[in-house]
């Protein structure tokens, strides 16, 4: 694990191209009310360890990494999130995962499909650098067609420029 | 091939029911008639378009009804085509007297002058015994007292609107000097549902929005269609196992198949003007490049090889060159290359980003999306000069050319709501309008002039 951490640190400096002040918060605030929230890290007994529900609960928002406009570099906050993902994936080595790349709405359709793939691939490469076998990871792109924030604002666009890791149960 | 040219139309005797119709399969549009050249186009040419005459109100199998109602509908479709074009000031049949059959070729010039008309477009419709309908179309200069053009077509009842579009094309090309374009179709993506969960279906329609048909159910998202030059197939994008794939839809058999088997995402399918080649883009490990393959199958050739996203691609009309977009410089810009991939050269230097280039069927211009704040449709010449904007809205993208290279459609997205619509603009940028589609619309692709 120590060598992996060292590799991660090296990649961190190589890949972190900018300070990325416009990025979305890495850990989104919990839903108001939170009556059905699963992010109880202690576990409630309702979540099967090693399941996607467990992944969501353990990662507490770090299942998603965010990007600047037109960018796909993995910055410091992304590294932290991906390290948490890698730790979970390395704990359950039989699990496979898909990384879905998305863009904001302020781009042309075809370019955004390619950009979504590029973001998913950047996240995948970083997970591989942290010891996750590449054969366990696939990528998908949805371009601008699946936003999670519906406003047409800088804040919403920052939330939509993302790569989401989904483990396959 | 469904439209038959009626060669014998031009003699008056052709109007008699006993005349044998000399028909042939028409390879192209209506013939022109020798006339002196009309002077500079009056941008406000007042064209009277009365209901088409008929010798008797005969029932037809057309959706318009009998020949009398059909004569009214034909004139209404022509009126719509010419009105929406922006070059003319047509008056439609609702407010004009319908000429008698005998007047179709002997217009009441003083009467039309009295109404202030510059031009008169009139015609007739006749039901044939085999169920087809024959439409005659005559254009007159009212002030000169002269016939400018005439043509006729015999069409199956289901295609009566095509005769109207052919007639509007005759008027448009005779008066503007440009090539015709109304008799053409558009493939697009019909969108419904909320912003984060849109249903996207492949759909087709006539250039005026009529004869609208959905081709897919919407269970799988459809994107970026392109009509084949012969209108027999449509290339488009759909999702399979979560990844975009290129499908080829056959319109006659209503079946579709994957263009290519690939583990990688495929985007941006395009036809060459002769239909013999297909361009597409493949994303492999974060790097997207453009490939060319024979449309009947066979091995692909990789045309671009730069790190970054090279995508799209549109052939020049002669097929020798390709305009495409690449972010190899750090942002989306427009490049040209030979059809073999050689001589790649950036041509957009306007600040901001330049995307979705489409080469005009006339060859003289390239339409694209310019992004600097707003997303705007713009045109430039093939060397990147003479750039000017055609639209100015929050987000306009994906221009597609009319067959004559003088009109552009694109899609416009509304801020916040995400609602989309297909719009049309001419090269002056002054004549802009939204197409009437059943729901939202995006990704328009204009096909060629129909044969």
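The values are calculated or read from the model by the stated rules, or taken from the named source; none is laboratory data. None of these values were measured; they are calculated from a predicted model. Here the Cβ positions follow ideal geometry from the backbone for every residue, glycine too, while neighbour counts run over all protein chains shown.
Condition test on residue A:120, is it at the interface with chain B (Cβ under 10 Å from one of its Cβ atoms) and at pLDDT 95 or above? Yes, satisfied. Does the range A:137-146 contain at least one residue that is surrounded by fewer than 21 Cβ atoms within 10 Å (Cβ to Cβ), more than 10 Å from every other protein chain (Cβ to nearest Cβ) and not in a loop (DSSP other than H, G, I, E, B)? Scanning the range A:137-146 turns up at least one residue that is surrounded by fewer than 21 Cβ atoms within 10 Å (Cβ to Cβ), more than 10 Å from every other protein chain (Cβ to nearest Cβ) and not in a loop (DSSP other than H, G, I, E, B).
Based on this model, can you work out whether residue B:227 counts as under 18 Å from the mean Cα position of the chain (by Cα) and buried (at least 22 other Cβ atoms within 10 Å of the Cβ)? So residue B:227 fits the description; yes. Applying the set (1) in a helix (DSSP H, G or I); (2) in contact with a helix residue (DSSP H, G or I) (Cβ under 9 Å, 6 or more places away or on another chain); (3) under 28 Å from residue B:443 (Cβ atoms) to residue A:124 leaves exactly one unmet item: (3).
The condition of being free of Cβ contacts under 8 Å to residues at least 12 places away in the same chain and either over 21 Å from residue B:316 (Cα atoms) or within 13 Å of chain A (Cβ to nearest Cβ) (or both) holds for residue B:257.
Yes/no per residue for (1) within 14 Å of chain A (Cβ to nearest Cβ); (2) buried (at least 23 other Cβ atoms within 10 Å of the Cβ); (3) in contact with a helix residue (DSSP H, G or I) (Cβ under 9 Å, 6 or more places away or on another chain); (4) modelled with pLDDT under 95:
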{"residue": "B:189", "(1), (2), (3), (4)": "yes, yes, no, no"}
{"residue": "B:197", "(1), (2), (3), (4)": "yes, no, no, yes"}
{"residue": "B:200", "(1), (2), (3), (4)": "yes, yes, no, no"}
{"residue": "B:214", "(1), (2), (3), (4)": "no, no, no, no"}
{"residue": "B:222", "(1), (2), (3), (4)": "yes, yes, no, no"}
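Every residue, every condition in (1) more than 13 Å from the chain's Cα centre (by Cα); (2) away from chain B (no Cβ under 13 Å), yes or no:
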position	(1), (2)
A:74	no, no
A:80	no, yes
A:85	no, yes
A:104	yes, no
A:128	yes, no
A:135	yes, no
A:157	yes, no
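Going by what's in this entry, would residue B:420 be described as surrounded by fewer than 21 Cβ atoms within 10 Å (Cβ to Cβ), within 12 Å of another protein chain (Cβ to nearest Cβ), more than 12 Å from the chain's Cα centre (by Cα) and modelled with pLDDT of 95 or more? Against the criterion (surrounded by fewer than 21 Cβ atoms within 10 Å (Cβ to Cβ), within 12 Å of another protein chain (Cβ to nearest Cβ), more than 12 Å from the chain's Cα centre (by Cα) and modelled with pLDDT of 95 or more), residue B:420 does not qualify. Under the condition of being modelled with pLDDT under 95 and surrounded by 22 or more Cβ atoms within 10 Å (Cβ to Cβ), the residues counted in the range B:239-255 number 1. Of all the residues in the range A:55-102, those that are in a loop (DSSP other than H, G, I, E, B) and over 21 Å from residue A:113 (Cβ atoms) number 9. Out of the residues in the range B:336-363 that are under 25 Å from the mean Cα position of the chain (by Cα) and assigned to a strand (DSSP E or B), which is surrounded by the fewest Cβ atoms within 10 Å (Cβ to Cβ)? Per the stated criteria, the residue is B:336. Scanning the range B:277-299 for residues that are in a loop (DSSP other than H, G, I, E, B), without any contact (Cβ under 8 Å) to a residue 24 or more places away in the chain and more than 14 Å from chain A (Cβ to nearest Cβ) turns up B:296, B:297, B:298, B:299. Scanning the range A:159-169 for residues being buried (at least 21 other Cβ atoms within 10 Å of the Cβ) and either more than 12 Å from chain B (Cβ to nearest Cβ) or modelled with pLDDT under 95 (or both) gives a total of 4.
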